[in-house]
Amino acid sequence: MAGESVVSTVVWEGMTFDTRYSPLYGENGEIQGVIAIGTDITERVRAEEAESLRLQELEVLVNTASIIIQPGTLGDKTNRVLEELSAVTAADRLTLRLVDEDRRGLHLVASTGVAGLESPPPTLLTSEDTTTGRAFRNGVPAVAGEDGAPFSITPEMRSTVAVPIIVEERILGTITATSTEVGHFRPDTVRLLNAVADGTGSLLENAHLLERMRESEERYRTLFEQSNDAILTTSEASITDINQAALSLLGFTSEEETEGANIRDLFADPDDQDLLDALLTERNSVNEHEIQFRRQDGSEFDGLVTATRLWAEDGRRIGTQAIIRDVTERNVQERALVESEEAARLLAHESSVMAEIGRIIGSSLDIGQVYERFVDQALRLVQADAVSVILVNPERETYSMAYISGLAVSERLPGTEFPLEGSATDYTYRTKEPLLFQPRSRDEIVDKFPGLAPAYDDGLVSFLATPLISQNEVFGVFFLAAIEHGAYAEADIAIAGRVASQIAGALTNADLYEARTLAEEQVRVSLVEKDALLEEIQQHLQTEQRRAEQLSVINDVGNQVTSSLDVQQVLEGVGALISSSFGYDLTGIGIVEDENLVFALDANPALEEPLRFSIGHPDEATSITAWVAAPGRPLLAPDVSNEPRYMSVAEAGDTRSELAVPIMASGQVIGVLDVQSDRLNAFDETDLTVVQSLAQQLGVAIENARLFDETRDVAVLAERTRMAREIHDTLAQGFTGIVLQLEAGEQALEDNSDEVGSHLELAKNLARQCLAEARRTVWDLQPQALEESQLHSALAQEVERFNGSGEAHATFNMVGARKQLSGSAQTALLRVCQESLTNIRKHADASNVEVVLDFAAGGVSLSVTDDGTGFDPDNVNVPEG
């Protein structure tokens, strides 16, 4: 109002004044001017503003605290807090982030603001090159959008402020506010946000922990329900909680069915519950304790229990939580493993005994000297109260006891012959199969095998007969008998078979020894000057054949190496058979030649070229096999990297362990059997026994083949001696008679006597007789080709010689397993082949010729066929004489 004083507040240069304006009157009473009197109220105004801000902060803190402590999820509560702050700060967007320790960043918990201003904030913030990142890193508020601010801001957001949430010097997260207005956030806004962050930090941490606890409980419940292990909680004798796996394992159809169920009924033996309670009382927990449980249907299973007592906060025991795992199948497998280990132990024991039997049998070529010793070993594997070795005489159709041990049986004496027909021996002999016969009565034994009645009367009621086989022919029976009914099972048949294989080999060798001893004596009588050679042969003949390891696979190897007297045929395929049978990665057979150990390609098909190692002093050996060949001792290298004598071979691959044993004959090393594996410690003492037995078999087989060749050479000398005698006794005398008659005729001619004609006639007759005798002698003479090689090789050479003429193409084939033939039979077959090829060349005009040597089951045959003109056998004119 004019003429009145006016009071107003003025802000000038940061100061606030309370100013009164009063009119200034002149003498005439008119207003001449204004008088202004100002009072500085800056401090008062600032105090009032600070109080206002404090009240505002307090109000916001109270509101945010009340929001946080209310029920609800952390996301809901933090969103409401941000809405409260948005109203106070007028921010366009607010975000609250907490530390994510697993992902190493700030996780977005809540956000609020005007939609469409910018893209949504990232869920996980990992970059420190932001306002939020700087506040979190430094632990102090950070503001962007002011002049010179170092942080980039999106085009829509012109101002940003971020404050850290700190509890006990730990930074839990950040609150960030953004605005589209430059310089929007004043210091008092920053202080407000910082105060809210400080005041609610503990509440947010508690809310966060509660949220995580709730999530943990949910996860626990999910794991509880979905666990494959049976989980249940008990209180007193009742089930208070149980998951589906436990319901299924214990045989309950539903959780309601467990109500009223007594825990004690779940134990197959109630004493197990008492023991479990005692353990829990003593230890408070039990880990993997095995108990047998009973299902609702009465079936039982083996369970592995892990249990823990549950306690209330006041220290009261409120129950027990148990996890039960069904280990029935595991226990079954463990029992199977124990049984398997026991079987392996028994097999190792059997192998050891069989190896000893082989050693005993191979210690002498006189089988009578070792019967008792090897039978004692055999009885360690299979029970018997009576043991006999029976030999069959097929020509006489009888059998006799070569050896008897144990319980004496009436009428059964060594050497006594018995009729073969209808006997248990006859059955085994003809079928080539073992016989297990355990009769229930005497009538049964009389009805089937009456020859066993005396043994039955003497108390033997179980019988096991196993054929003795050599060259696929049965020549005897290994017979076991026991006084206990049902004493033998299928396993005993296999063991008896392996023992019988050893006996068969020993008897075969004994026969060979006897036959060769006789041949030696005959050669010594006729060729005294060859005593030195015969002595060497005698040394070879005295070589002991060591029998192989007594596994069934070793029997296969034994059959292969004894099936031929040809060294090359013996070695071919033996290495591959040993590798495939025993799982060795590489098997090599080296033969000693002069001062070298040679691994030839025919005996070692895995090699690309032959290997040759010099055999010198053991200290100078360049390989494991060369070292073994030098002293004649085996060497087992469980780790070849630690063996200085190991030499790598490309074909062996990644060899990690090696076992080499000498092949012996007549006390001399004639070769080395070497096996290798790509595994460390692949070989043990059992493998050593097996490989030594195989090497013994190979040694005997190779030596027998060499002795056969040497004996054949002796036979050639005998043949030549025979021819000399024949020529001396026949042709020489005949030619002498011819000379005498011709001289007589010459004398008669000079005397003009009529006796000339008679002398000439006598000379012609003597000449014809000598010619016939010469033809007979030449036909009986073994061809040179058979002296130098075997029949099949000689026939093949004849075919090659025929092909050399260029008139036709001939082939040679051999069918069946080779058999040993007499010298006369081989000579006849070779002569027939030579004559047939000669006739084809002269008369058949053929293009193709086929020669086949067939070793059939009943004998041997030779066929020579061609595609030439041929002739009609019915129209052939056969000359007389």
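Quick notes on this one:
- Restricting attention to region 803-855 and to residues that are charged (D, E, K, R) and touching a strand residue (DSSP E or B) at 6+ places or on another chain (Cβ under 7 Å), the residue that is surrounded by the most Cβ atoms within 10 Å (Cβ to Cβ) turns out to be Glu850.
- The residue pairs whose first member lies in region 323-338 and is on the phi < 0 side of the Ramachandran plot, whose second member is open to solvent by 90 Å² or more (accessible area, probe 1.4 Å) and part of a helix (DSSP H, G or I), and whose beta carbons are closer than 7 Å, counting only pairs six or more residues apart or on different chains, do not exist in this structure.
- Glu341 being in contact (Cβ under 8 Å) with a residue 12 or more places away in the chain and exposed (fewer than 13 other Cβ atoms within 10 Å of the Cβ): no
- Val860 vs. criteria closer than 30 Å to Asn472 by Cα and at pLDDT 80 or above: yes
- Number of residues in region 395-425 that are within 16 Å of Phe463 (Cα to Cα) and either of a type in the set (Lys, Arg) or not assigned by the TED database to the domain that holds Tyr456 (or both): the value is 1.
- Out of Ala506, Ala489, Ala496, Ala481, sole residue that is assigned by the TED database to the domain that holds Val375, of a type in the set (A, V, I, L, M) and open to solvent by 30 Å² or more (accessible area, probe 1.4 Å): Ala489
- The requirement of being open to solvent by less than 60 Å² (accessible area, probe 1.4 Å) and in a loop (DSSP other than H, G, I, E, B) is fulfilled somewhere in region 395-409, by at least one residue.
- Leading residue by the ranking (modelled with the highest pLDDT) among those in region 760-818 that are basic (Lys, Arg) and not in a loop (DSSP other than H, G, I, E, B): Arg801
- For region 629-644, the criterion of being crowded, with 19+ Cβ neighbours inside 10 Å, modelled with pLDDT under 85 and touching a strand residue (DSSP E or B) at 6+ places or on another chain (Cβ under 6 Å) is satisfied by at least one residue.
- Selection of region 684-708 for residues being surrounded by fewer than 24 Cβ atoms within 10 Å (Cβ to Cβ) and β-branched (Val, Ile, Thr) yields Thr686, Thr689, Ile702.
- Where a residue in region 120-145 is of a type in the set (D, E, K, R) and its partner, wherever it lies, is surrounded by 15 or more Cβ atoms within 10 Å (Cβ to Cβ), with Cβ under 8 Å and at least six apart: Glu128/Arg134; Glu128/Phe136; Asp129/Phe151; Arg134/Ala142; Arg134/Phe151; Arg134/Ala162
- Residues being open to solvent by 50 Å² or more (accessible area, probe 1.4 Å) and either within 30 Å of Arg706 (Cα to Cα) or not basic (Lys, Arg) (or both) - total across region 654-665: 2
- Within region 666-677, residues that are more than 12 Å from Val691 (Cβ to Cβ) and open to solvent by less than 20 Å² (accessible area, probe 1.4 Å) sit with their Cβ atoms under 6 Å from residues that are assigned to a strand (DSSP E or B) and of a type in the set (A, V, I, L, M), at 6+ positions apart or across chains, in these pairs: Ile670/Val592; Ile670/Ile663; Gly671/Ile591; Gly671/Val592; Gly671/Ile663.
- Inspection of region 738-759 identifies at least one residue that is assigned to a helix (DSSP H, G or I) and modelled with pLDDT of 75 or more.
- Residue within region 377-386 that is out of contact with any His (no Cβ under 8 Å at 6 or more places or on another chain), assigned to a strand (DSSP E or B) and of a type outside the set (Val, Ile, Thr) present: yes
- Filter result for the condition that a residue is over 27 Å from the mean Cα position of the chain (by Cα), hydrophobic (A, V, I, L, M, F, W, C) and under 23 Å from Leu571 (Cβ atoms), over Val661, Val675, Val628: Val628
- Tabulated pairs, region 814-834, first in contact (Cβ under 8 Å) with a residue 40 or more places away in the chain, second part of a helix (DSSP H, G or I), C-beta under 6 angstrom, 6+ apart or interchain: Met814/His792; Gln826/Leu786; Gln826/Leu791; Leu830/Ala794
- Criterion: closer than 30 Å to Gly415 by Cβ, at pLDDT 80 or above, surrounded by 12 or more Cβ atoms within 10 Å (Cβ to Cβ) and not charged (D, E, K, R) - qualifying residue of Ala322, Ala384, Ala378: Ala384
- Against the test of being open to solvent by 50 Å² or more (accessible area, probe 1.4 Å), part of a helix (DSSP H, G or I) and modelled with pLDDT of 75 or more, the options Arg80, Arg46, Arg54 yield a single qualifying residue, Arg80.
- Unique residue being open to solvent by 50 Å² or more (accessible area, probe 1.4 Å) and closer than 30 Å to Lys819 by Cα when the list is Glu444, Glu473: Glu473
The values are calculated or read from the model by the stated rules, or taken from the named source; none is laboratory data. Predicted model, so just to flag it, every value in this text is computed and none were measured. Note that we place each Cβ from the backbone using ideal geometry, even for glycine, and neighbour counts take in every protein chain shown. To get the accessible areas, we keep the full protein, side chains included, count just its heavy atoms, and leave off ligands, DNA and RNA. Shrake-Rupley method; radii C 1.70, N 1.55, O 1.52, S 1.80 Å.
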